[in-house]
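The values are calculated or read from the model by the stated rules, or taken from the named source; none is laboratory data. Everything numeric in this text was worked out from a predicted model, so none of it was measured. So basically every Cβ, Gly included, is an ideal-geometry build from the backbone, and we count neighbours across all protein chains shown. The protein model used for the area step is the full one, side chains on, heavy atoms only, and it has no ligands, DNA or RNA in it. Shrake-Rupley method; radii C 1.70, N 1.55, O 1.52, S 1.80 Å.
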Amino acid sequence: MKGRIHARHLRTLSLVALLPCCGGSDGFPVESGSVEAASSALRNHNALNPNALNPNALNPNALNPNALAPNRLEGSSLAPTAFSAITDPGELGAMSRQLLQYIVSCALSPSQSLRFSWRDELDEPHDEVYWGHLGLAPGWSDEPLSASRRQWVSACVASRANRAGVSVMISSRGTHQALRYPDRSEVASFPREEGAFWGDLFTSAPRFYACYNESNAERSRDHSRDCATGLPDPEGGVRECPNIHIVGSCDLVCGPLHAASGYRPSCTNDRGESSSAVITTFLP
């Protein structure tokens, strides 16, 4: 089974509860909640505004984990700052909802959803339902988001950023059990490594990192995907996507690609900090 995610403007909140838990062999502690391995190597459309990756640019402290869901991801756990951000009828509210929709899609499994309501500037009600897809942190519906799952969700969200706002199909792979086993048809259809993403959305100063496959850089840009490669500027450098710092070639900062599945097992940022919660993206 493969999933396709379309970028949408986001809105609402209440959680549908899930299946029994599954164990993880990704090097991180097992957590409760379902993990639907059939979602393994995600094919998804993505068009997240990278400006949304900085919650403080939207509403101070609105989307940190303590405000978003100190105990579990459900409507009753939202702090007033978070609820205010996602129910704002203006442009910043739309961006907050878009970010939340991507967070839910990355974190929860297809059997889970988050529901909430908001009113626009004409006082018209909007009932939102954000469905999960990848299942990188399905236990968030029942318990606080762990540090390791926070990193996986962050990497997933960063990998879906698109400066151009264009919806592009990608294949996402990683050591996480939900990303580890792409089928042969997907590997054949998405053979070109774009790059890799990692970081932490849920810190007071969100940090995201990316690296690129140099031989595929121009193809990435041709596909309106440049957050891993950057856009060349007239001075000979590259212009990064907002909030995503490019640290260089993946061959220099990451472990070698897994022979069968194609993911990078770990990458190191320019501070010398290594992470194994890395999502490697592929293009047709």
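Here are the numbers:
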item	result
Tyr130, Tyr212, ranked by accessible area, largest first (probe 1.4 Å)	Tyr212, Tyr130
Expected-Rg normalisation [2.2 N^0.38 Å, Cα atoms] applied to segment 176-236	1.38
In Å², nearest 10: area of Leu108 left accessible to a 1.4 Å probe	0
Exposure of Thr81 as accessible area (Å², to 10), given a probe of 1.4 Å and all protein chains	60
Prolate/oblate/rounded call for segment 83-192, Cα gyration tensor, a/c under 1.5 rounded	prolate
Sum of side-chain charges, Ala217 neighbourhood, beta-carbon under 14 Å (Lys, Arg +1; Asp, Glu -1)	-3
Accessible surface ranking that places the most exposed of His223, His133 first, with a 1.4 angstrom probe	His223, His133
Largest-first ordering by accessible area, 1.4 Å probe, given options Arg180, Arg97, Arg150	Arg150, Arg180, Arg97
Evaluated over segment 178-284, the Cα radius of gyration and Dmax, each in Å	13.8, 42
